[in-house]
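Engineer: Sending over a structure as structure tokens; questions will come in a sec.
Computed from the coordinates by the stated procedures, all read-outs in this text should not be read as laboratory data. Since we're looking at a predicted model, the values are computed, not measured. Counting neighbours? That spans all protein chains shown, and the Cβs are built from the backbone with ideal geometry, glycine included.
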Amino acid sequence: NLTAAVVCSTATWLLATATMILFAGGAANLGGNLLLMAILVYLPMAVFFVVFFFGQHVVHRFRPLSAWVDRACIHQTDHDFKRRQIQALPVFVARSSSMLVLWDDAYFVRLWCQLELATFAKHGGAQKVQFLPLWLAPWLLSSLLLDVLVSTSWYILSHTVPMDLFSSTPMFSAILGSAFGPLLTVALFNLLFGTALGVLASIPWTIACRAKLRSHSLMLEQMACFDCRAAECTVEADRILVEQQVQQLFRSALCEKDVVVLPTSSTGSEHAYWPSPSDSMDAAYMSRTTQDSVAYARSDDEALDAFNSYIRGPLRTAVMESVGDQLHVPYSMCLVASLPMIFYSTTDTLQCDAACRSASGFPSFESYLLPVALGWLGTIWLVLPIFQPVFLRMLTCAYSVQTQLLQLMLAALSGILTFSYGYCMVGLVFGLLDVSVQKGAIGLIPLLILLVFLLVQLRILFGTSRRSGQAWCCQGAHRSSVDSTYRALCAAEDISI
């Protein structure tokens, strides 16, 4: 429901903003309106949470979905019937448009889950596998609630701090000159307030992000060290059926591929297969370096080793493409986690009345609107998304020390520093825009330098933490032939289920 929740809450926010401006007779007339926060922040966020938790009851009425769930669709007591259903698993895969993996700590140690995942990734397309870690929802909800508290704090502060603090700058003017006095005032104010927010938010934020780091790291480690022989199976008698299906699946694949023998902990050899020109999936994680080492793997152990190689290789690569490494948070997800502050941007812009604009040095609402709107655009797209990845990196360093007490102290300090740094950047963006608009070109060069720095920072934080996806780009060209193969299997074998 996440996409629907974002769309509905954003639409509510835009509609509420337009409605309030219309009823007030113009945006300039909303200054001092005490309903801005409730209508433009709390109402859209309430819509978000309602749709997030209950939206499926409405969405599925307009777009009904059918799902195949192993525990519900595979017979649990009739073993002969179960065997035939397991053999028919590729048929279900061929008729499925996607696979949703609800990952928890035990997912990659359950044999049944591995069979379904490998079958779909191999014959339905690894890029159609959607990974949804179960830590994601608690982390996102805690981040949203924390951001609601932050936006509320900003709102309270804006009504308690006199505007004279930002307009009278004799002390700072003596240091930096009159043009940059307001800039230093805004930057220091944001730095101090960000530090105070960090003190309050560091503990709950640390708890949420620590769970994310631990679970994400465990997921990738489980795939890298996967061995199907060590996987757990609730009914031990099912292990034979599942392993036979894996052997049949990967033995037939290995018969048509070159293999190279690598050391493994289970049988002494592991088979990584070199691709044919038409097999781009396996080519995603191997390079053709030992073409003359050719052997045909046909035994049961070799087929299981091939399965292990597939989980550790292309499937893990697909997961990395989908969710990244433990320090990676998608840029779009960071924007979603910042929705309360994004919604607060209109409240902050519209609540400034004539006295507020005059104290800030703006003769009209139009002259005031330009730098504030540009400042919020820069903050939303360039600053708010960096909080999560910066904190995750600092938290990783904090938990690399051995002493538990020192870990807790460094983790709390990481939260404080992240808030201080982030809101200092917010202050610099607004301050330099103010200087550029009111003083002309004197503030333009520092503003451009800051924007370049923020763009490079985004590139570092979001552009290098995921595996390159170039090796998978041609995979779609062959997917139709794979699907047609298994639809032909469905037509050729009349499997009674």
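Engineer: Would you mind getting me the FRET efficiency between SER98 and VAL69? Use the beta-carbon distance for r and R0 = 22 Å, nearest 0.05.
Structural biologist: E(calc), rounded to 0.05, equals 0.95.
Engineer: To the nearest 0.05, what FRET efficiency results for VAL109 and VAL161 with a Förster distance of 45 Å applied to their C-beta separation?
Structural biologist: 0.25
Engineer: Now, a different point. How much FRET efficiency would the formula 1/(1 + (r/R0)^6) give for GLN76 and LEU218, where r is the Cβ-Cβ distance and R0 is 25 Å, rounded to 0.05?
Structural biologist: Computed FRET efficiency for GLN76 and LEU218: 0.30.
Engineer: While we're on this one: In nm, to one decimal, how far is the SER364 label point from the ARG84 one, both placed 7 Å along Cα→Cβ?
Structural biologist: So the two model labels end up 8.1 nm from each other.
Engineer: Based on the alpha-carbon gyration tensor of segment 1-101, what equivalent-ellipsoid semi-axes (square roots of 5 times the eigenvalues) come out, in whole Å, largest first?
Structural biologist: 50, 12, 9
Engineer: For segment 150-161, take each phi angle, set θ = phi - 60°, evaluate the Karplus expression 6.51 cos²θ - 1.76 cosθ + 1.60, and give the result in whole Hz per residue in order, putting x for glycine and proline.
Structural biologist: Running phi through 6.51 cos²θ - 1.76 cosθ + 1.60 with θ = phi - 60° gives 5, 5, 5, 5, 4, 5, 5, 5, 5, 9, 10, 8 Hz.
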